[in-house]
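The values are calculated or read from the model by the stated rules, or taken from the named source; none is laboratory data. All values derive from a computational prediction rather than experimental measurement. Note: ideal-geometry Cβ built from the backbone for every residue, glycine included; neighbour counts use all protein chains shown. To get the accessible areas, we keep the full protein, side chains included, count just its heavy atoms, and leave off ligands, DNA and RNA. Shrake-Rupley method; radii C 1.70, N 1.55, O 1.52, S 1.80 Å.
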Amino acid sequence: MKKTISAALLETPLKLSFRGLEAVVSVLLLSLSILYLLEALPLLSVTSGGKVGPGNFPLGIACIAIALTSLLLIMSLSKRYGLHDARKVTFDRALFVLFGAVIIILIGSQLASLGAFFAPWIMATGIMFCCQERGLRLLVVPPCIGGAIYVLFVLALGVYFP
Amino acid sequence: MIDNLLIGFGAFSDPLVFIGLLVGAFLGYLIGAIPGLGPTLGVSLLIPFTYSVDPLVAVVTLVSLYAAAEYGGAISAILINSPGTAAAVATSWDGYPLTQQGKAGLALNVSIISSGIGIFISTILLFFTAVPLSEFALNFGPEAYFSLAVMGLSLVSIFSTGSLIKGGIAMMVGLGLATIGLDAQSGVPRFAFDPEFFEGLPLVPALLGLFALSEVLCMIEQSNTPQHESSKMSGIFVVPAKVYYNLKLTLLRSSLMGYVIGIIPGAGASIASFLSYGIAKRVSKTPEKFGHGSLEGISASESANNAAVSGALAPLLALGIPGSPTTAIIIGALMIHGIQPGPLLFTMNPEVPFTIFASLWISVPVMVLIGLLGAKYWAKVADVPRSILASIVACICLMGAYSSENSMFPVYITIAFGILGYVFRKADIPLAPIVLALVLGEMLETNFRRAVVISGGDYWVFFQKPLSLILLSIAIISFLVPLIKWIRRNKNI
């Protein structure tokens, strides 16, 4: 019973309002666009012989990006378009997706030190576990993937690992 | 032109080129047959393996994978009603009912042969249009190139999503990322917070992250949905010639349509397939059969989506403008090998485009044979557990990124773009405009600056030259039409 409850908890889908997610993403992108604009402004003082310097094009991009992300934010928060929209975004198996992302980040960042055999082995084990794989296959397949990756990249393609 | 074509066919005297075609075709079928994976992911995963091979071998392998993935997408659509690619959705509408009627072999035969005919006819069109187009493009000034790139980006942003704003945001993200690195004209570093960024954002790791690693996270998410069991098939080799005689007009019309739609940036194989299916139904003598196992429906969809592959290659080869995410990735691969697609390609490296033409023709019998002989095995591919697929894709992504520069920097880029890609997919922000803008960004900016400098600082130069004006007008109309539709739709809310 205990196992069922914990499994059910892990499998619970995370449901977010579509417009809410849109608002969050647009705020993030708006912030990035403003940062981009702030970085682009000093470039305007640099001239490259012509009228258009290295800062003009990024400035244009920043302005359009700020306008579009602001528009998306307004629309997702407006009563007329956003708040009455009942659509939901479902993140199925959200915890496992998060675990998967953490495994990819952790093993990926240690790729050079773990090498072409152990890094794929460990990562494959983690990802297969996140994909609900249990039992013998979880023990047998990842080392095979590690071996295949090692043969392909190191022996056949000559990729160098320190 | 014929001499160059002979050079293209002559490239196949090198066994490695032919092996490349076989490998590409085999992997393409494999990728295409697996629901959820597609040509874009397949081509991005294959790029790391092409770093060390001859450019011609690399190009032939990537192009044959691209074409074969469209063939393969139909197999799972017909047998398990789960299209391997978006372009095979229309195929499933008639293919799966035929499987339920015990005619899976017939449906597969028609789909594979129609795909082959689509590629064959469209490559003839590609051959006769790409060369004149590239010669015409030699007269393009910087203002025309700028306008062409704007038009390409605008069409992609609109076709790839229902939302104009999100398409535009994706385009701006791509353009913003393309400005990272040392400015080519002034040498000033822009947005390069680390010296690793001085050469710009590495394209292949970014693509691997956006399309492949984000797919891994989606696979983890969907791993509790049941996978289909493949159906049995029979009679794949016993299809009377009369069937194809009756389909001749459908095949010709759909191949032509597929090619033309494939040329339009962003339209691609899925739109070609849906439109061709719709027109085939409208002009058919038996429209009531559509959706219940019509061979016309299968041949219309399949010949069009494969013809769109050749169509998408036309702007890539002749103008250096990618028409789809897959061709944007192929451009990236060409650049890695020091080949710059565009009008000069036909004079500087004629062996590349003509070998592509030759490879598309040679691929027809090869892919038809691989498809027909291996149909029951390709069908089994769709049964491979998602857990194993996700692990393999993730490992190839990170190792492929590492091998691009033998350093950890591209790996970090891949991981960052993988997470970004997953979040964007969830927020319904299209990925295609990001890639296209990333590829076209430099060309867009360079030509913009060059045109303004040549005109003595006159920004109206883009509206004064007729060609540039036409291209920009198309871009503006393509933004305005959906905007007007949206305003009309929301008027009565």
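Couple of notes before you dig in:
- For A:GLN110: the one exception among (1) of a type in the set (S, T, N, Q); (2) modelled with pLDDT under 90; (3) open to solvent by 60 Å² or more (accessible area, probe 1.4 Å): (2)
- Residue within segment B:456-465 that is touching a Phe, Trp or Tyr at 6+ places or on another chain (Cβ under 9 Å), of a type in the set (Ser, Thr, Tyr) and open to solvent by 10 Å² or more (accessible area, probe 1.4 Å) present: no
- Candidates A:THR47, A:THR12, A:THR4: the one that is out of contact with any Pro (no Cβ under 7 Å at 6 or more places or on another chain), open to solvent by 60 Å² or more (accessible area, probe 1.4 Å), facing chain B (nearest Cβ under 10 Å) and at pLDDT below 80 is A:THR47.
- Yes/no for A:ILE66 being surrounded by 14 or more Cβ atoms within 10 Å (Cβ to Cβ), more than 7 Å from chain B (Cβ to nearest Cβ), under 27 Å from the mean Cα position of the chain (by Cα) and modelled with pLDDT of 90 or more: yes
- Matching option when the condition is within 17 Å of the chain's Cα centre (by Cα) and either aromatic (Phe, Trp, Tyr) or buried (at least 22 other Cβ atoms within 10 Å of the Cβ) (or both), among B:ALA33, B:ALA77, B:ALA104: B:ALA33
- Number of residues in segment B:404-421 that are among the hydroxyl-bearing types (Ser, Thr, Tyr) and surrounded by 24 or more Cβ atoms within 10 Å (Cβ to Cβ) equals 1.
- Test for A:ALA148: is it open to solvent by 10 Å² or more (accessible area, probe 1.4 Å) and either more than 7 Å from chain B (Cβ to nearest Cβ) or closer than 10 Å to B:SER391 by Cβ (or both): yes
- Any hit, segment B:457-473, residues being of a type in the set (Gly, Ala, Ser) and within 28 Å of the chain's Cα centre (by Cα): yes
- Every residue from segment B:170-197 that is closer than 18 Å to B:LEU444 by Cβ, touching a residue at least 24 places away in the same chain (Cβ under 8 Å) and open to solvent by 60 Å² or more (accessible area, probe 1.4 Å): B:ALA184, B:GLN185
- Tabulated pairs, segment A:93-117, first within 20 Å of A:VAL159 (Cα to Cα) and among the polar types (S, T, N, Q), second assigned to a helix (DSSP H, G or I) and open to solvent by less than 40 Å² (accessible area, probe 1.4 Å), C-beta under 7 angstrom, 6+ apart or interchain: A:GLN110/A:ALA119
- Yes/no for A:VAL102 being more than 7 Å from chain B (Cβ to nearest Cβ) and either closer than 17 Å to B:GLY400 by Cα or among the β-branched types (Val, Ile, Thr) (or both): yes
- For segment B:390-493, the helices (runs of 4 or more DSSP H) that sit wholly inside it and include 2 or more residues that are hydroxyl-bearing (Ser, Thr, Tyr) are B:409-426, B:466-489.
- Residue within segment B:58-69 that is under 22 Å from the mean Cα position of the chain (by Cα), under 29 Å from B:PRO132 (Cα atoms) and either surrounded by fewer than 23 Cβ atoms within 10 Å (Cβ to Cβ) or aromatic (Phe, Trp, Tyr) (or both) present: yes
- Screening B:LYS376 on (1) closer than 22 Å to B:ILE121 by Cα; (2) surrounded by fewer than 23 Cβ atoms within 10 Å (Cβ to Cβ) shows it passes everything except condition (1).
- Residues in segment B:345-387 that are within 14 Å of chain A (Cβ to nearest Cβ) and either modelled with pLDDT of 90 or more or in contact with a Pro (Cβ under 8 Å, 6 or more places away or on another chain) (or both): 0 in all.
- Verdict on B:LEU207 being open to solvent by 30 Å² or more (accessible area, probe 1.4 Å), under 20 Å from B:LEU334 (Cα atoms), in contact (Cβ under 8 Å) with a residue 24 or more places away in the chain and more than 14 Å from chain A (Cβ to nearest Cβ): no
- Unmet criterion (only one of (1) within 16 Å of the chain's Cα centre (by Cα); (2) buried (at least 20 other Cβ atoms within 10 Å of the Cβ); (3) in contact (Cβ under 8 Å) with a residue 24 or more places away in the chain) for B:ALA86: (2)
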